[in-house]
1. Under a crude label model (7 Å from the Cα following the beta-carbon direction), how far is Asn74 from Lys17 in nanometres?
2. Considering only protein heavy atoms, what per residue accessible area in square angstrom results for the chain with a 1.4 angstrom probe?
3. Counting alpha carbon pairs within less than 8 Å and at least 6 residues apart, what relative contact order, in whole percent, applies to the chain?
4. How would the range 2-170 be classified by its alpha-carbon gyration tensor: rounded, prolate or oblate, with rounded meaning a/c under 1.5 and the a/b versus b/c comparison settling the rest?
5. Helix 121-136 versus the longest principal axis of the chain: what is the Cα-based angle in degrees, 0 to 90, to the nearest 10?
6. Output the 0 to 90 degree angle, nearest 10, between the alpha-carbon long axis of helix 198-211 and the longest principal axis computed from the alpha carbons of the chain.
7. Per DSSP H run of n ≥ 4, the term is -39500 (n - 2.57); total these for the chain, divide by its residue number, and report the mean residue ellipticity at 222 nm rounded to 500 deg cm²/dmol.
8. For the chain, find the longest principal axis of its Cα atoms and tell me its angle to the long axis of helix 217-227, 0 to 90°, nearest 10.
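The values are calculated or read from the model by the stated rules, or taken from the named source; none is laboratory data. Everything numeric here is computed off the predicted structure, so don't read it as measured data. Neighbour counts run over all protein chains shown; Cβ positions are idealised from the backbone, glycine included. Just so you know, the surface numbers come from the protein's heavy atoms only, side chains and all, with ligands and any DNA or RNA stripped out. Shrake-Rupley method; radii C 1.70, N 1.55, O 1.52, S 1.80 Å.
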Amino acid sequence: MEVLRDKADLEFLLDLKRDGPMVLVPTMGALHEGHLSLVELGNGLGPVVVSIFVNPTQFGPNEDFESYPRVLENDLDLLGSLDVAAVFAPDVSLMYGDGVGVKVHPGSRSTGLCGEDRPGHFAGVLTVVAKLFGLIQPDIAIFGRKDAQQCLVIDQMVHDLAMPVSLVDGPTLREPDGLAMSSRNRYLDQEQRDRAGCLVKSLRAGRTLLEQGERNPAVLKAIMEKELAPADEILYAEVRRVPDMEIFPSVSGRVLLAVSARVGVTRLIDNFVLEINGDEIREGFLLGTVSC
Ligand code: AMP
């Protein structure tokens, strides 16, 4: 596994691209099994490059950029035990050495949810993803469904700017009690960790109502909000159409149930992507699917 730190190191990737479609898994590090599952998904597609970069432009002024866990050595150990061709771990100076000039303006899918709750977040995400695509030139990029709105906002950028990359979304890996794995879970103490379970409970309550035939988004939203009561602050509970993130008059087809809440000072998000077909409700996807 090559560790690439500078622009010159990226020459290594030219050889890699000769071995088939190159796959990029972008991360901010502090890796957990969810990240590793995306690497394994990529292994079925071609040589995998993982990027590790805590991107300052996607954090708001009062967010956790400074305290975000940075454990590169540990991350490299974890990736070393998998089939990873290269890790790209640039310094801020490589990514933003000339300052932040051009920024990518997110499209309509960034309206509401994290787009409203974290002003400027998606512009930061798109700017760094566009730069990673430019530097690494992957054929395929894999993102986690855990960050569903992020997947859809990136998909809109790739489509609208005709970027030559295919996107794939991987399923959300969860702890045994259902809590979505997240680098931010390590901020939680035991008491907060227990209360954090309300996010997945809220989504399960929404799904149960859908299974019982409820199609009114306001009713679904109300039950999801009610289940979030153990959190310290409810940031949102939303029901949106996939992939355009529009608000439904009546829920049908592919639906995103998305919640965000603060537990202690930690901001958590989670979602279910569901496919409604008559009375049948099953797990859905956001972008591409792969069989491997
Ligand atoms: P992050 O390091 O948090 O920016 O995440 C890097 C990638 O891993 C993103 O595409 C996330 O959506 C994805 N990811 C984060 N948590 C999970 C999870 N629990 N399961 C699967 N993918 C995840």
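1. 3.5
2. 45
3. 17
4. On the way: a/c = 1.44, a/b = 1.30, b/c = 1.11.
Since a/c stays below 1.5, the shape of the range 2-170 is classed as rounded.
5. Result, in degrees: 30.
6. Result, in degrees: 60.
7. Helices in the chain give a 222 nm mean residue ellipticity of -9500 deg cm²/dmol.
8. Orientation of helix 217-227: about 80 degrees from the principal axis.
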